[in-house]
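K.L.:
Structure below; questions to follow.
The values are calculated or read from the model by the stated rules, or taken from the named source; none is laboratory data. Treat the numbers as computed from the prediction; the structure is a model and nothing was measured. Reconstructed Cβ throughout: ideal geometry from the backbone, glycine too, with neighbour counts over all protein chains shown. We work out accessible area using only protein heavy atoms, side chains counted, and drop any ligands, DNA or RNA first. Shrake-Rupley method; radii C 1.70, N 1.55, O 1.52, S 1.80 Å.
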Amino acid sequence: MTDINASKTVIAYLGPPSSYTHQAAVDSFGKDYYELEAQGSIADVFHAVQDSSATFGVVPFENSSNGPVVFTLDLLIDRAEEFPEIHVCGEAYMDVQHCLLGSVPTNRAHENRDTLSPHSSGCATPTRTKPNPREPRSKPMTSLKHIERVYSHPQAFGQCEAFLSTYLKGVERREVSSTSHAASIVAKGSEEDLPSGGAAAISSALAANVHGLNVMATGIQDAEDNSTRFLIIQKGPVNLEYQGLLPPKLFAETGTETKRKALIASSINHETQGALANALLVFRNHGLNVTSINSRPSRIRPWHYIFLVEVGGRKELEDPDLVRMALEELDTTTEENKWLGCWVDRSAR
């Protein structure tokens, strides 16, 4: 008997199931013609695509309120040259609504008082840079006095600072590979050093359903319009064969009015005056708009950086001759460049 899944295109994503990346993968590809496979880390997604065990990978790239995901930046830069053929071929956006998940002790299930942790004063923690911090957008639905540890992805902690510093001040935070993994840890309840129900997770409402956890607070992120952008990666540059495997919603539009983005990693001579400015002028001279710049240590020598430059354009990025000329000129102002892919701009769709 033929396995119908054998012909499906495999999509690797940062798991486990119910993660925000899983939701982005489902939204982008669906399940009818694609086999979605969870990976334990962002690096595992890159390895799956580089090793051809998956055709595409979905990884988080940046959050609207907490900035870039540095793990993804570092893997794209690829200092160790483990992923020489990885290219970006698409993007997806997902609204992120964080919840606090856990197990509510039966004697506190309907308790509406004393929601604060034992260490909390009930006020967001002032800092030197934020002497008057914002108040959280939501309140707990039940008591949190039994919570002694919170698990989540570091990005989620950064997105929920007001809630955490108000209602869970002083509570231990443990970073894990994904928000859904945090929910699975709490659901297992294997923390021997904590009382029953003493752990909570910042994750999604879907993760609460999947793992059988109580939702103790909803919408705990600092920003109402909190969203995450995900990149879709593949092995090798975009070509017609791969375009045929991508859903039309990701790579269907063509023509001079189609907005596109591209990503380039560059290193410059930091001793040359105006080196970065000169490199950026190349993009302007070729009709390309620089939409974001991120820097990461090169690890070649101290205080030397690699810049990830994202540019946008229409016909410029569809014309291989224009792109080639821009890259050739860029080579004259930088030490090294790496083309990381081109894709349809989904930011306004």
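K.L.:
Any residue at all in region 100-108 that's at pLDDT below 90 and within 31 Å of the chain's Cα centre (by Cα)?
P.N.:
Scanning region 100-108 turns up at least one residue that is at pLDDT below 90 and within 31 Å of the chain's Cα centre (by Cα).
K.L.:
Looking at this structure, is S196 open to solvent by less than 50 Å² (accessible area, probe 1.4 Å), closer than 19 Å to T142 by Cα and not hydrophobic (A, V, I, L, M, F, W, C)?
P.N.:
Here the answer is no, as S196 does not meet what is asked.
K.L.:
Suppose we filter region 160-209 for residues that are part of a helix (DSSP H, G or I) and aliphatic (A, V, I, L, M); how many remain?
P.N.:
11
K.L.:
Just give me the residues in region 292-313 being over 13 Å from H270 (Cα atoms), surrounded by fewer than 17 Cβ atoms within 10 Å (Cβ to Cβ) and charged (D, E, K, R), in sequence order.
P.N.:
R299
K.L.:
Which ones in region 189-204 are farther than 15 Å from H146 by Cα and at pLDDT 90 or above?
P.N.:
Within region 189-204, I202, S203, S204 meet the criteria.
K.L.:
Then there's this: Please name all residue pairs, on different chains or six or more residues apart, with Cβ atoms under 8 Å, provided the first residue is in region 186-214 and is acidic (D, E) and the second residue is part of a loop (DSSP other than H, G, I, E, B).
P.N.:
Every condition considered, the pairs that remain are E191/G198.
K.L.:
Only one of these is within 12 Å of the chain's Cα centre (by Cα) and not in a strand (DSSP E or B): F83, F71. Name it.
P.N.:
F71
K.L.:
Still on this structure: I'd like the residue in region 27-64 that is more than 16 Å from the chain's Cα centre (by Cα) and in a helix (DSSP H, G or I) and, out of all such residues, is modelled with the lowest pLDDT.
P.N.:
Applying the filter and picking the extreme gives F29.
K.L.:
Testing E191 on (1) surrounded by fewer than 19 Cβ atoms within 10 Å (Cβ to Cβ); (2) touching an Asp or Glu at 6+ places or on another chain (Cβ under 7 Å); (3) not hydrophobic (A, V, I, L, M, F, W, C), one condition comes back false. Which one is that?
P.N.:
(2)
K.L.:
Here's something else I'd like to know. For the subset of region 254-291 comprising residues that are farther than 17 Å from N337 by Cβ, open to solvent by 30 Å² or more (accessible area, probe 1.4 Å) and hydroxyl-bearing (S, T, Y), which member is modelled with the highest pLDDT?
P.N.:
T291
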